[in-house]
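Visitor: Below you'll find the structure I mean.
The values are calculated or read from the model by the stated rules, or taken from the named source; none is laboratory data. Since this is a predicted model, take the numbers as computed values, not measurements. Cβ sites come from the backbone with ideal geometry, for glycine too, and all protein chains shown count toward neighbours.
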Amino acid sequence: MAPDQWNAVALDSQIRASSSNPVIVNDYALALWRSASGEVNAWEDRCPHRGMRLSLGFVEGEKLRCIYHGWGYGPDGQCKVIPAHPDLTPPKTICAQRHAVESRYGLIWTNLAEDPHARLPDLGADDGWEAVRSIFLNYAVQDARKAVMDDLVGWNGALSDGDVVTLELPDGTTLAAAFQPVDAGSTGVHFVARGPAVSAEGRHGLARQVVQLRARIENN
Amino acid sequence: MTATTDPVARNEWIAAGWLGQIAPGASHDTMILGQPIRITRTGEDSYRISEIGEDGSEGRELPIQTRYTCIFTTLGDPTRPLPEIHEFDEADRVVVGCGNVGVNTSPYRLVENFLDMAHFSFIHVDTLGATDKTEVLAYRTEHRKDVDEIWAVDCTFFQPAASKAVKGGQMTRYLYRVMSPFSVMLYKNISEDSDRNDAICVFIQPLTETRCLAYMPMAIVDNENTAADIADFQQSIFLQDRVILENQRPALLPLDPTYELPTRADASSIAFRRWLKAMDIRFGIYEKQAA
């Protein structure tokens, strides 16, 4: 049973319209795909037909098509198209495994629980958040969190611990780090920011600092 | 992995090398079903195969047959002989060996991919399939009990370029034949008026449950192209399939028909999985984790 817990799995801006992308969270492989109209979906990365990874599939309008046999699935997970039998209405039983997904604070979040009740972490207003940078660290999530906290302590700002680690910079910008447990030895850290420093130039500056943070952690 | 204890898998003949792979006097270390083995070419046409022990020394000697451009061996006592494929005896055919290709999946995913027509229009675009002609017409499957083989008959599919010899699109007729859990072949009618079919085999060497080498001997009717050209065409097709095969999950084959859901076009895969289940083979099979 998957825990009832939201995890950031990507920067919202990284998941392009009409694309399907592989993501791993807690050892579980997801296909994170965005339809042409912009809807994000988080599905088990496995076609129900013959197990092909759906993250290698292609998006056609509001459907995700498996690359192996072209089976097409709607946003409800139902198979709508089986090209081998153009006149067949696919049975209802052919359905991709969907998972809860939300876009908020410039991040995409998933919850793998069957019946999720947990709330997303509260970072205040949803508007104004901009992507900074994702990094991956070769640590389990609790060690990655500690390493990031230990580094951010040295930055100029007010640090708060939580599901999401935040740093209030002197100019009023909030930098937030959300953690994606990948597997026992790997964690994704997705940085977003809100406030005066999120101009394009400011974001590049923050992104450079995040890359330097990763270098310091890796050299420790 | 260590050598499988599955008696069903151990009692099959398995391709372990191709003729010409090993120079006379030389030897080659490889593995079948998790068991390290050494193939020594003792003469121009003679070989010896032994198990390799944990200390690296040669142990038990294994049976050998050389046929269809391949070297076959077994860890057990085969209940079925090597298949008879008389096309390889016809003098005017081009017989092509193609060496082998490594594929990281279970042997049965390879067999099923080879039996499958529905992927032609997506994976082999403009050769074996066309994107606007995707339909798989009804065909029949048979369990031929006298030889204990699975056949798929009356198969047809539209192909823009069915082989190196064909020019232009056509409805190609196929006959598929699964001779063992680790070997499959097809007969392919490449021209409407000919009753001489190309014979294309896949013999699979399972190194472990999820790592294989595939050998593709062919006996082709083709007066124009060289063996190298024919091999090149087949290799390019196979490399397109490898990308698919290495991205199916799980790599092991699930036999539970509710875990992977088939449609009519998968009749041959359905028959193959039932046949594997009935023979109670365990090697390379996915056992679903208890929830």
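Visitor: Within region A:180-216, track down each residue that is in contact (Cβ under 8 Å) with a residue 60 or more places away in the chain and either part of a helix (DSSP H, G or I) or assigned by TED's automatic domain parsing to the domain that holds A:Val101 (or both).
Guide: Result: A:Val198, A:Arg203, A:Leu206, A:Ala207, A:Val210, A:Val211, A:Leu213, A:Arg214, A:Arg216.
Visitor: Answer yes if at least one residue in region B:81-93 is of a type in the set (D, E, K, R), within 20 Å of B:Met179 (Cα to Cα) and in contact with a Phe, Trp or Tyr (Cβ under 9 Å, 6 or more places away or on another chain), and no otherwise.
Guide: Yes, there is a match, as at least one residue in region B:81-93 is of a type in the set (D, E, K, R), within 20 Å of B:Met179 (Cα to Cα) and in contact with a Phe, Trp or Tyr (Cβ under 9 Å, 6 or more places away or on another chain).
Visitor: Within region B:5-15, does at least one residue satisfy the condition of being part of a strand (DSSP E or B), among the acidic types (Asp, Glu) and within 22 Å of B:Pro217 (Cα to Cα)?
Guide: no
Visitor: Please state which one of A:Leu64, A:Leu88, A:Leu56, A:Leu112 is among the aliphatic types (A, V, I, L, M), in contact (Cβ under 8 Å) with a residue 24 or more places away in the chain, within 11 Å of another protein chain (Cβ to nearest Cβ) and over 28 Å from A:Thr173 (Cα atoms).
Guide: Exactly one of A:Leu64, A:Leu88, A:Leu56, A:Leu112 is among the aliphatic types (A, V, I, L, M), in contact (Cβ under 8 Å) with a residue 24 or more places away in the chain, within 11 Å of another protein chain (Cβ to nearest Cβ) and over 28 Å from A:Thr173 (Cα atoms), namely A:Leu56.
Visitor: Conditions first: (1) part of a loop (DSSP other than H, G, I, E, B); (2) of a type outside the set (A, V, I, L, M, F, W, C); (3) more than 14 Å from every other protein chain (Cβ to nearest Cβ); (4) surrounded by 22 or more Cβ atoms within 10 Å (Cβ to Cβ). A:Asn7 passes all but one, so which condition is the exception?
Guide: Among (1) part of a loop (DSSP other than H, G, I, E, B); (2) of a type outside the set (A, V, I, L, M, F, W, C); (3) more than 14 Å from every other protein chain (Cβ to nearest Cβ); (4) surrounded by 22 or more Cβ atoms within 10 Å (Cβ to Cβ), A:Asn7 violates only (1).
Visitor: Given the condition surrounded by 21 or more Cβ atoms within 10 Å (Cβ to Cβ), part of a loop (DSSP other than H, G, I, E, B) and not hydrophobic (A, V, I, L, M, F, W, C), answer yes or no: does some residue in region B:19-33 qualify?
Guide: no
Visitor: Yes or no: B:Leu261 touching a residue at least 12 places away in the same chain (Cβ under 8 Å), among the hydrophobic types (A, V, I, L, M, F, W, C) and either away from every other protein chain (no Cβ under 14 Å) or at negative phi (or both)?
Guide: no
Visitor: Moving to a separate point now. Please specify each residue of region A:22-47 satisfying the condition of being surrounded by fewer than 18 Cβ atoms within 10 Å (Cβ to Cβ) and not acidic (Asp, Glu). Give the steps one after another, and end with the answer.
Guide: As a first pass, look at region A:22-47 and keep what is surrounded by fewer than 18 Cβ atoms within 10 Å (Cβ to Cβ): A:22, A:24, A:26-29, A:36-39.
A:Pro22, A:Ile24, A:Asn26, A:Tyr28, A:Ala29, A:Ala36, A:Ser37, A:Gly38 - these are the residues of region A:22-47 that are surrounded by fewer than 18 Cβ atoms within 10 Å (Cβ to Cβ) and not acidic (Asp, Glu).
Visitor: Another question about this same structure. Of (1) away from every other protein chain (no Cβ under 14 Å); (2) outside any loop (DSSP other than H, G, I, E, B); (3) crowded, with 16+ Cβ neighbours inside 10 Å; (4) not polar (S, T, N, Q), B:His143 satisfies all except one. Which?
Guide: (3)
Visitor: Related question: Which ones in region B:224-252 are under 17 Å from the mean Cα position of the chain (by Cα), more than 9 Å from chain A (Cβ to nearest Cβ) and outside any helix (DSSP H, G or I)?
Guide: Scanning region B:224-252 gives B:Glu246, B:Leu252.
Visitor: Condition test on B:Arg282, is it at pLDDT 95 or above, in contact with an Asp or Glu (Cβ under 6 Å, 6 or more places away or on another chain) and charged (D, E, K, R)?
Guide: So B:Arg282 passes the test.
Visitor: Which ones in region B:111-140 are surrounded by fewer than 18 Cβ atoms within 10 Å (Cβ to Cβ), in contact (Cβ under 8 Å) with a residue 40 or more places away in the chain and facing chain A (nearest Cβ under 9 Å)?
Guide: none
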